[in-house]
């Protein structure tokens, strides 16, 4: 399980209990972290009884059912609902994951849902990712090719060169890996974290990019890169099955041998 960080000077209290009124015998208790910055109250855990017989199979389906039928004040991010956009990343049963791909059948007993750990909570299950996005912008995640290619003509890349990007380009920046990393918890302002470093490596090894050396130097910093201690939480928590730790290790090796 990963550690969850509370808002400053606060403690979680037991909140409201919403009992099911449908008469269904197939109910699941769902404990959801709630916090509204505008009411000056401590964070709390609200408990909901959810009729599983009339609900989809994913954790996001449960949240949608709660919001649509029980408590419209519940706040969380969601968009595609198919594991593509990364919007609905949160901590479910102690694991950072995408709620749209996580089946609640995999969870025994009560279902516990929190925002991603060690982020400033904006409201309820929404964490503030602005620092992560600024770090992502800092690595300039776009192709830099200085050759004068004819307009409308592709920049050639062989099949073998393209295959080197497999396992890296699929990152959806959901932040599950970075927010599971203890080094990022304590050095998040300066350490780029596994998500951003994986993205940096994706562009460093792209055969079409002309600024490999510049990209390497951009991350070659004691705090930006070398705060990674290969704990492997990032790889274990990635909902897309990627390996950020491998990418970070590869960057270190390239710097050591260059």
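Bear in mind these aren't lab numbers, they're just calculated from the coordinates by the rules spelled out. Just so we're clear, the structure is a prediction, and the values are computed from it rather than from any experiment. Note that we place each Cβ from the backbone using ideal geometry, even for glycine, and neighbour counts take in every protein chain shown.
Taking other C-beta atoms within 10 Å as the exposure proxy, 22, 101, 179 rank 22, 101, 179 from fewest upward. Orientation-averaged projection of the range 111-258 equals 10.5 nm² [convex hull of Cα atoms, one quarter of hull surface area]. With 0.36 nm allotted per residue and the present C-alpha distance subtracted, the residue 255-residue 67 stretch has 62.8 nm of extension available. Highest mean first, the peptides 215-225, 153-163 sorted by other C-beta atoms within 10 Å per residue fall in the order 215-225, 153-163. Between residue 159 and residue 213, what FRET efficiency comes out of the Förster formula 1/(1 + (r/R0)^6) with R0 = 30 Å and r the beta carbon distance, rounded to 0.05? The calculated FRET efficiency here is 0.75.
Every Cα-Cα pair of the range 91-181 was included, and the share exceeding 14 Å stands at 76 percent. For the chain, what is the percent of antiparallel DSSP beta bridges, rounded to the nearest 5? Here the share of antiparallel DSSP bridges comes out near 70 percent.
FRET efficiency for the pair residue 24 and residue 130, taken as 1/(1 + (r/R0)^6) with r the Cβ-Cβ distance and R0 = 41 Å, rounds to 0.50. Simple spin-label estimate for residue 144 and residue 246 gives 2.6 nm between the two label positions (7 Å along the Cα-to-Cβ direction from each Cα). Annotation: Cα Rg of the chain relative to the compact-globule expectation 2.2 N^0.38 Å equals 1.15.
For the chain, what's the relative contact order in percent, using C-alpha pairs closer than 8 Å and at least 6 residues apart? Rounded, it is 16 percent for the chain.
As a size descriptor, the averaged projected area of the C-alpha convex hull of the range 13-127 was calculated at 7.0 nm².
Ranked by how many other Cβ atoms sit within 10 Å of their own Cβ, fewest first, the residues 88, 177, 171 fall in the order 171, 88, 177.
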